[in-house]
Structures are given as C-alpha cells and as structure tokens.
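Just so you know, all these numbers are worked out from the coordinates, no wet-lab data involved. Because the structure is predicted, anything quoted here is derived from the model rather than measured. All Cβ positions, glycine included, derive from the backbone under ideal geometry; neighbour counts span all protein chains shown.
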Amino acid sequence: MAFVVTDPFYIKEDYYVDVDDEEIAEIEINDPENVLTLAIVTIPEDIRFMTVNLKAPVLINMKNNMGKQVIMKNDTFPVRYYILTGGSEPPR
C-alpha cells in the first residue's frame, strides 16, 4: 500500500496536531522533536480538485519507526482541504 503524503505545515501555516496522550503513547512518542507529521493527499484526474486530509494526520516516531494515523476530535481542520484554493471550498 502506498500513499501520496505531504507536510501539512507547508500546506497550512497555522496547522497543529491535537491528539489524546493515549494515541501518542501507542507509538511511544516521548519527545515531540522525534515526530514526523504527514498528511495524505488525494489526487483526482482533474488536479484542480486535489485535497489533503488535515483532520487525520499520520504521526511517525522517527526513533522507532512506529506510526499511526490519528483522527483529531476537534473540527478545526477538514478532511478535504483543497490545496489549490487553500480551503474547504473546491475551485470553480
């Protein structure tokens, strides 16, 4: 299985990850400096409608190579963030 991923902090400057301590404990994250945060990109046939999932980032512990996709409970960031328009609305 393979996914196109990107650094969500490059897509949205004010991006942040808010997850429960239990979820980060599952992949043994002890130091935030050792976490790689990625967001899954969807690239349809018409690339104008390319989106990134900011609601459910993939967190990877770079010390032990364990990773997990987590779903943030708050609604701050959408599942479908249109990259080219910079928001929840698709291009016209």
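Can you name every one of the strands (runs of 3 or more DSSP E) wholly within the range 7-72 that holds 1 or more residues which are of a type in the set (A, V, I, L, M, F, W, C) and surrounded by 17 or more Cβ atoms within 10 Å (Cβ to Cβ)?
Of the strands (runs of 3 or more DSSP E) lying wholly inside the range 7-72, those with at least 1 residues that are of a type in the set (A, V, I, L, M, F, W, C) and surrounded by 17 or more Cβ atoms within 10 Å (Cβ to Cβ) span 35-42, 58-61.
Take the range 73-92 and flag every residue that is closer than 20 Å to Asp20 by Cα and loosely packed, with under 14 Cβ neighbours inside 10 Å.
Listed by number, the residues that qualify are Lys73, Asn74, Asp75, Thr76.
What pairs come up if the first residue lies in the range 6-33 and is of a type in the set (Lys, Arg), the second is surrounded by 11 or more Cβ atoms within 10 Å (Cβ to Cβ), and their beta carbons are under 8 Å apart, counting only those six or more places apart or on different chains?
Hits for this filter: Lys12/Leu54; Lys12/Phe77; Lys12/Tyr81.
Hey, can you tell me all the residues within the range 47-70 that are out of contact with any Asp or Glu (no Cβ under 9 Å at 6 or more places or on another chain) and more than 16 Å from Asn34 (Cβ to Cβ)?
Within the range 47-70, Ile47, Arg48, Phe49, Met50, Thr51, Val52, Asn53, Leu54, Ala56, Gln69 qualify.
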